[in-house]
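What follows is a short report on a single structure.
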Amino acid sequence: MENSKKKNLFQVFNDFFKYQEKTEYDFTVPEKADEKKENDLTYEEETNKKINEAKNIFPSLSVNLEYMKVRYNSLINSDIVIREFTLTARNKQYGAFLLYIDGMVDSKIINDFVLEPLMLKNRANVFDNDENRVVSEAVTNNISVRRVKKFNLLDYIYNNLIPQNNIKKVQEFDKLISGINSGDCALFIDTLDTAFDIDVKGFKQRGVEKPNNEVVIRGSQESFSETIRTNTSLIRRLVNNENLIIENIDVGKLSNTKCAVCYMKNIANNELVSEVKFRLNNIDIDYLISSGQLEQLIEDNGKYSLPQLISTERPDKATNYLLEGRVVIIVNGSPYCLIAPGTFIDFISSPEDLNLKFQFANLLKIIRILAFIITLLLPGLYIAITNFHQELIPTELLFAIVASRESVPFPIIFEIFLMEFSFELIREAGLRVPSPLGSTIGIVGALILGQAAVEASIVSPILIIIVAITGIASFAIPDFSLSFHCRLLRFAYIVLGYIFGFLGIGIGLFIHFLVLANLKSFGYPYLQPYVPVTRDYKGFLLSPAWKREHRADFLNTKRPNKQNKISMGWKYSNSK
Amino acid sequence: MKSGFKKHISLFLILTICLFSLSGCYNIYNIDHLAYAVAIGLDVGKNNELKISFQLSIPGGSSDSGSSGSSQSDNSVVNTIECSSIASGINLLNSYISKELNLSHCKVIVFSEEFAYKGISQSLYTLMNNVQIRPDCNIIISRCSASYFLENSKPLLEKLSARYYEVAPSSSDYTAYTESVTLSQFFSDFNNTFSQCYAILGGINTEATHSTDNSENNSEKDANNKANETSISSKANIENMGLAVFSGDKLVGELSGIETLCHQIITNKLNVCTISISSPFEEGKNISLRLRLKDKTKNKVQLTDSGPYINSDIRLEARILTMDENSQYLDEKNIAVLEKYANSYMTEQIYEYLYKISKEYNSDIDGFGRYAVSNFLTWDDWINYNWLDNFKNSFFKINVDTDIKSGYILMET
Amino acid sequence: MNYTKIGSIEAIFLILVVILNHIVLNLPKNLLDACGSSTPLNIIYISILLFIFLYFVIKLFKKFTNSDIVDVSEFLGGKLLRNIIGILYICYFTVICSTLLRNFCEILRIVYFPKIPIYFLVIAFLLVAVIANHFGSNTIVKANLIIVPLVMINLLIAFFCVAARFVPEKIFPILGYGFNETFISGATNIFAFTGISYIYFLLPMLKESKNFKSISFIGIGISTLYVFLSVISLLFSFSDVLSINEISPIYFLVRSADFGRFLQRPDAIFFLGWILCLMSYLSISILFITKIFKKIGNLKDRKPIVYISAVLIFIVALLPKGMVEIRFIQNVVFKYSTIILVFVVSFIILILANLKYKKTHKLPNKEGDL
């Protein structure tokens, strides 16, 4: 016993101080240049090789089957389904197989409308001599030459056998594969060098729901969803006009994301449309996931953080802009669509403006412009005034500020940065707090933090008010990107105001004006209709609904008038 | 690599610029490091030099203090310095107090009578040349010394001295016993060839300074006081009443309350005021009238050999304030009588006032020169005529027309 | 260079921005010093002269579509005359620009930044002007379009903020310092309208050159209105304006403004507008300077010249030692150089060019007759 104990003690001692190898998991990706082997082909070269190898569908079924298995990696991929069967036509039997992706197709349709007519015996398949069609017959000298219409299996299957409403005949592999990827199923038949691309889509998707981020009171409550077909159907229903063109462009070499470009043929400017299509067609990227990514790739000038394309999830807003003469771009997989061009005034308008009387809409627009100015300038102005221009403040307010700052140890600039960063932190954190606590923590946190900071004499109360007002004003800006732009630039104004007072604010404002004047969105000046001055000055304030006779002048549409001079015919019909 | 190099260079440049900018040469007027003077007082010191007093506000006392009234020691303090000029006085004070003195919230500049008799042009120009001083601060000539004035100004109904100074002269809107004269207006009149300048007359009203005028007519006693003579029984406090008349930059005389009223009538600045005339219906009783200008006063100046002949057409509108048992002031006949009395009373007062300023003081504070200048074609002719000196030869003709409209709530008893 | 064409309203504001800057600084005081209380009369008289002059200038420019004064002088006297006129105009613009800049920076320094060395402020303004020129001429003109209306409203409020204290009788004595000073030697007051020098360069920049006439008349008309208003507001509100030299009369005016107890001493707000105006004017001046440079030097691109002209303006701005020298340059050099260069020399060139044009276009006809 003692021996084992001693041994145990020794063992413990040993274990404690013994060298132990590291057992941490440490993985690094080998760098391309060092580790590349000579025989390895890059992905490009591989696909190029394959493309060079086979373009069109082979007449032999087994070759097609092998090709598709290799192409789709069916041994590894778990959801590729290949169904081989025998097809009977005219009492002859042909081999065939179906290839589809499980989860993307509606299996009932495949069973009822593809497999059943092809596999089960039906009367049309029974050979009857009568079906030999004689085209022409010529008799000369007891020799009769008959021309018989040859039996065309392809047409026979296409015209008679498959009762499915959307079938395409395809000869190239790439087209077929892109069809399979979007939810169709492919039918290969022996001896035919054409395959069928049958539309049997049946994947699950989010339905048409309420818009999450652009809430209005009186407008429609539909919003776009992720599938491109649903979105285009929403727009089609609202526009209700055959001149609406929806063109399809694929973006991204790997993902081939479908993008739809929608415009009204008899309204939109041709050059705008061709510019949009030009930009979309010449994007050289691997994959495209969301419309936000696309926006950054096709906008004119991304340096200045100003939004140049309107993004919305409401179909009624998109339709309104479409009928004004703009172009709508929908990306598959993203519920936000992009509208080109987007000018400054558009980012200050909210979708509610269409539904309200013009007096309310104009009042709200003025409030939003004020919110824009406040978010941008208020902290900068505060610091400029308290550091350089104290005579501007009314005397009592000045004494109140000085009194409240008596016990604060920090200079004003440090206070401002502290409070602004805390506010941004609270905002960012509020996005990720689990939802029952979410909004409460945001508000309560901000209030209590602010109050506690004042009590502890870290900041002065008037600064809390300024930061809070700035934050609230930034929420009043309808467009998300524009409010981000303001939030970013107000720090620049704070620094400028601190260094140079009102001269710094003036410098900042001038450079801001220059940037705004320089910016173009798809060729249209950003600050229209003010800069340059066009005929139609009614850019900012809405005119009453009965007076909106012209479409926006800067768009140069084909149909400049949208209302008659007397649009309320019922009111003035007596004057006839 | 080239673009990277460029980027690095430009980043370096930006950083250097930022460094220089943030090196502290701008942060001069941080709001925490300034002491705000609410009022300035200028006296004659010993050896005929300057004695400046500054009333500094203590910001801590202006917020949540629990004291019921507000004593002077709560929110401001007066410091007095003997020095040779305003700038050196500010310098001396800066070395004494902990923060830097800032004059941008100064509401009132007080000159003592003694100082004003000597001439205030140098201080005036220095103050106007100062970037921080607001040109719309009030200028007061005090009958006592300026430091005494500042020390004893206790705001009765306000907490802050600053607000008190702002509001106090606005009483001229409804009493017309003084006028709110600002520094820029004073300066402008000072350089004017049309008129002379004037300032508010102020003083500390204590028991000792009450008027000892024993005139029989009670009504005249009220308005006839200058500053610090009104018999108000309360603690010693400042009183602004009347005007100080200057000729050039030297003080030459003072006007009482009723004389200021005449001045305001002639210069069209009258808002509304109250006067008492002796009642034509009963002996020993007074009737109070509320006056305002019905039309603008029309002044005409004709230049004759013996001097300027000044013609004034004054139209007033009055309402009757006093009511008594059996008073029928609004009868047609009574109105006519009352109007005649009012006219004669006002005419008499205005004549007295005009001859006082022209003969005694020789100072055209009403600005009659602006009506005289239309008689000249070129500037040199006007300068040669020397209006300001010629004013003492002027003779006046005043026409007062009072229109009595009605009473207030009670029309007749 | 089609995209550098500007529209009519932008051209009008281009002409206006010059006069607005001069009003803020010292122009009304100069005019008042010359004529005394008859300055309003003088201004009306000058405006009439100016409109007549403008009418002739426009008529003379009719034959030369799409060319500015430098091109006209090339037509007249070949490359030599073109270079001389170009260099003269460059010097003229540089001197005016730098004097204005220095003057304004001195004012800013006195009022708000006593401890900052003057070259910081000058560099700040020039940096912004260089950045603006990097964006291109179109952007500068568009930014000007935003700024000028703001400054116009700013100045209107400044003129009428002390309206309660107006003494209209200050317009008497009506002939001021005398008939001679008002009308005859007072005609030199036409130097106030330097906007004409920009009109000479405007023609090739316009989108629709048939609007040239209306643009010039409207632009100069509004300029005269503003000068008139500024002179009147100064004359009526202060009497000391005639006897005292202050750094900026309009600033003096704005200091006494009283918008009630709440907003007192609002001069900082006015300054914000004037700062924007000066920056816009600087950018436009550098734009014109580089354009002339490009023309006389046959350069391909004007962007590198921007730095050179900025440095040039910086040097000239820091040359004067104090306010006395700046005043001298503004009162004497500016006045006479404007009158000589803009009104006399350019006019003569236009007339001579027209004569030459008639001669060269008559000669073929004569030969054809033979």
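The values are calculated or read from the model by the stated rules, or taken from the named source; none is laboratory data. Computed from a predicted structure; not experimentally measured. Neighbour counts are summed over all protein chains in view; Cβ atoms, including those assigned to glycine, are modelled from backbone coordinates with ideal geometry.
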Among C:ARG109, C:ARG102, C:ARG82, the single one that is under 14 Å from C:ILE296 (Cα atoms), touching a Leu at 6+ places or on another chain (Cβ under 9 Å), in a helix (DSSP H, G or I) and touching a residue at least 12 places away in the same chain (Cβ under 8 Å) is C:ARG82
Residue hits (segment A:293-315; surrounded by 14 or more Cβ atoms within 10 Å (Cβ to Cβ) and within 13 Å of the chain's Cα centre (by Cα)) are A:GLN293, A:LEU294, A:GLU295, A:LEU297, A:ILE298, A:LEU309, A:ILE310, A:SER311, A:THR312, A:GLU313, A:ARG314
Please determine whether any residue of segment C:235-253 is of a type outside the set (Asp, Glu), within 14 Å of chain A (Cβ to nearest Cβ), touching a residue at least 12 places away in the same chain (Cβ under 8 Å) and not in a strand (DSSP E or B). yes
Within segment A:220-257, residues farther than 19 Å from A:ARG314 by Cα and either buried (at least 18 other Cβ atoms within 10 Å of the Cβ) or in contact with a Pro (Cβ under 9 Å, 6 or more places away or on another chain) (or both) come out as A:VAL251, A:GLY252, A:THR257
When (1) outside the structural domain of A:ASP479 (by TED's automatic domain parsing); (2) outside any loop (DSSP other than H, G, I, E, B); (3) over 26 Å from A:ILE217 (Cα atoms); (4) in contact (Cβ under 8 Å) with a residue 12 or more places away in the chain are applied to A:LEU376, the one that fails is (1)
Going through (1) within 11 Å of another protein chain (Cβ to nearest Cβ); (2) more than 29 Å from B:ALA372 (Cβ to Cβ); (3) assigned to a helix (DSSP H, G or I); (4) of a type in the set (Asp, Glu) one by one, B:GLU158 fails only at (3)
Scanning segment B:348-396 for residues that are farther than 20 Å from B:ASP313 by Cα, within 13 Å of another protein chain (Cβ to nearest Cβ) and part of a helix (DSSP H, G or I) gives B:TRP379, B:ASP380, B:ASP381, B:TRP382, B:ILE383, B:ASN384, B:TYR385, B:TRP387, B:LEU388
Tell me, please, whether a residue that is surrounded by 14 or more Cβ atoms within 10 Å (Cβ to Cβ), in contact with a Leu (Cβ under 6 Å, 6 or more places away or on another chain), farther than 23 Å from A:LYS204 by Cα and modelled with pLDDT of 75 or more can be found in segment A:112-126.
-> yes
A careful count of residues in segment C:19-39 that are surrounded by fewer than 22 Cβ atoms within 10 Å (Cβ to Cβ) and either more than 14 Å from every other protein chain (Cβ to nearest Cβ) or outside any helix (DSSP H, G or I) (or both) gives 1
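Inside segment A:319-339, can you point out the residues that are touching a residue at least 60 places away in the same chain (Cβ under 8 Å), of a type in the set (A, V, I, L, M) and buried (at least 21 other Cβ atoms within 10 Å of the Cβ)? Before you say what the answer is, go through the steps one by one.
Of the residues in segment A:319-339, the ones touching a residue at least 60 places away in the same chain (Cβ under 8 Å) are A:319, A:322-337.
With of a type in the set (A, V, I, L, M) added as a condition, the list becomes A:322-323, A:327-331.
Selection gives A:LEU322, A:VAL327, A:VAL328, A:ILE329, A:ILE330, A:VAL331.
Between C:ILE326, C:ILE296, C:ILE313, C:ILE349, which is touching a residue at least 60 places away in the same chain (Cβ under 8 Å), surrounded by 15 or more Cβ atoms within 10 Å (Cβ to Cβ) and touching a Pro at 6+ places or on another chain (Cβ under 6 Å)? Reasoning before the result, please.
On the way: C:ILE296 fails: touching a Pro at 6+ places or on another chain (Cβ under 6 Å); C:ILE313 fails: touching a Pro at 6+ places or on another chain (Cβ under 6 Å); C:ILE349 fails: touching a Pro at 6+ places or on another chain (Cβ under 6 Å).
From the options C:ILE326, C:ILE296, C:ILE313, C:ILE349, the qualifying one is C:ILE326.
Please verify whether segment B:167-182 includes one or more residues that are over 23 Å from B:LEU261 (Cβ atoms) and either under 12 Å from the mean Cα position of the chain (by Cα) or assigned to a helix (DSSP H, G or I) (or both). Outline the logic, then answer.
Keep residues of segment B:167-182 that are over 23 Å from B:LEU261 (Cβ atoms), which gives none.
No: segment B:167-182 contains no residue that is over 23 Å from B:LEU261 (Cβ atoms) and either under 12 Å from the mean Cα position of the chain (by Cα) or assigned to a helix (DSSP H, G or I) (or both).
Which strands (runs of 3 or more DSSP E) does segment A:133-237 wholly contain that include 1 or more residues that are farther than 30 Å from A:LEU65 by Cβ? Break it down into steps so the answer makes sense when it comes.
Numbers: elements: A:134-140, A:143-148, A:167-170, A:184-189, A:195-199.
Here the list reads A:134-140, A:143-148.
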Condition set at pLDDT 90 or above and of a type in the set (Gly, Ala, Ser), scope segment A:292-324, selection nearest to A:VAL251 (Cα to Cα): answer is A:GLY292
Of the residues in segment C:159-180, those that are surrounded by 14 or more Cβ atoms within 10 Å (Cβ to Cβ) and in contact with an Asp or Glu (Cβ under 9 Å, 6 or more places away or on another chain) number 6
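Residues that are within 14 Å of chain A (Cβ to nearest Cβ) and part of a loop (DSSP other than H, G, I, E, B): does segment B:109-128 have at least one?
no
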- Message: Being away from chain B (no Cβ under 11 Å), in contact (Cβ under 8 Å) with a residue 60 or more places away in the chain and part of a helix (DSSP H, G or I): is that true of A:ILE401 here?
- Response: no
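Looking at C:LEU145, C:LEU156 in this structure, which one is within 11 Å of chain A (Cβ to nearest Cβ) and touching a residue at least 12 places away in the same chain (Cβ under 8 Å)?
Details: C:LEU156 fails: within 11 Å of chain A (Cβ to nearest Cβ).
Selected residue: C:LEU145, the only one of C:LEU145, C:LEU156 that is within 11 Å of chain A (Cβ to nearest Cβ) and touching a residue at least 12 places away in the same chain (Cβ under 8 Å).
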Only one of C:SER223, C:SER216, C:SER280 is small (Gly, Ala, Ser), out of contact with any His (no Cβ under 9 Å at 6 or more places or on another chain), surrounded by 23 or more Cβ atoms within 10 Å (Cβ to Cβ) and within 13 Å of chain A (Cβ to nearest Cβ), namely C:SER280
Of the residues in segment B:350-362, those that are within 30 Å of C:GLY176 (Cβ to Cβ) and either out of contact with any helix residue (DSSP H, G or I) (no Cβ under 8 Å at 6 or more places or on another chain) or buried (at least 22 other Cβ atoms within 10 Å of the Cβ) (or both) come to B:ILE357, B:SER358
